[in-house]
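A short reminder: the numbers here are calculations on the coordinates, not readings from a lab. Computed from a predicted model, the values in this text were never measured in an experiment. Positions of Cβ are generated from backbone atoms using ideal geometry, with glycine treated the same way; all protein chains shown enter the neighbour counts.
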Amino acid sequence: MDQEEQKSKSQVKRELHALEKMGEMLVKLPAGQIRDMDLPDELKEALLFAQTITTRKAGKRQRKYIGALMRNVEIESVQRVLAQIDGDHDVETLYFQELERLRDDLVAGNQAVLEDLLNRFPKTDRQRLMQLIRGARKEQELDKPPKSYRLLFAYLRELSEDKKV
């Protein structure tokens, strides 16, 4: 073997720990996403089984096993899938933050935002929207639980998802 091809024992351990960490990230994914991934069946079964384990020792053994199985998998494809999932999560987070800003502007009484919303979503039930806005304002003034505030967010989400379809 060449000097370049030989890996130190420490390097091998670092790589194995990295595979185990990647396996832990895969275990945290929903079962449906794991099933849809292009992974060997044995690895998919190990990941799904790891989600059912409740004891620490058994979980550690299963993570080690998953790390060993990961040695035979094309790591780049798994990394791409995890990056895509992480990117999808970031997009969803931004979407929810935009809806929260929209809700807060409506409750604050920003008329320009209200008019823009009504123009963007012509099927908006104006009466319901105004009722939710008034309820959210009243809840804030009286320091009550944010029921209308949450319902307003849900209604804005419903409107925006109807527009997507």
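In table form, for the structure just shown:
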read-out	value
Shape category assigned to region 9-73 from the gyration tensor of Cα positions, a/c cut at 1.5	oblate
Region 15-156, Cα convex hull volume normalised per residue, Å³	169
Residue with peak Gaussian network fluctuation, the chain [Cα springs, cutoff 10 Å], from ASP105, ASP88, ASP116	ASP116
Kirkwood Rh (inverse of mean 1/r, distinct Cα pairs), region 109-164, angstrom	11.7
Cα long-axis angle, helix 111-120 against the chain (0 to 90 degrees, to the nearest 10)	70
With Cα atoms, 0 to 90° folded angle of helix 147-164 axis to the chain main axis	70
Among VAL73, SER10, ALA50 the positive-end extreme of the charge dipole of region 9-73 (Cβ point charges)	SER10
Net +/- balance of residues flanking ARG14 in space, Cβ distance below 12 Å, scoring K and R +1, D and E -1	+2
Region 85-164, relative contact order [Cα under 8 Å, separation at least 6], %	30
Region 9-73: relative contact order in percent, alpha carbon pairs under 8 Å with at least 6 residues between	45
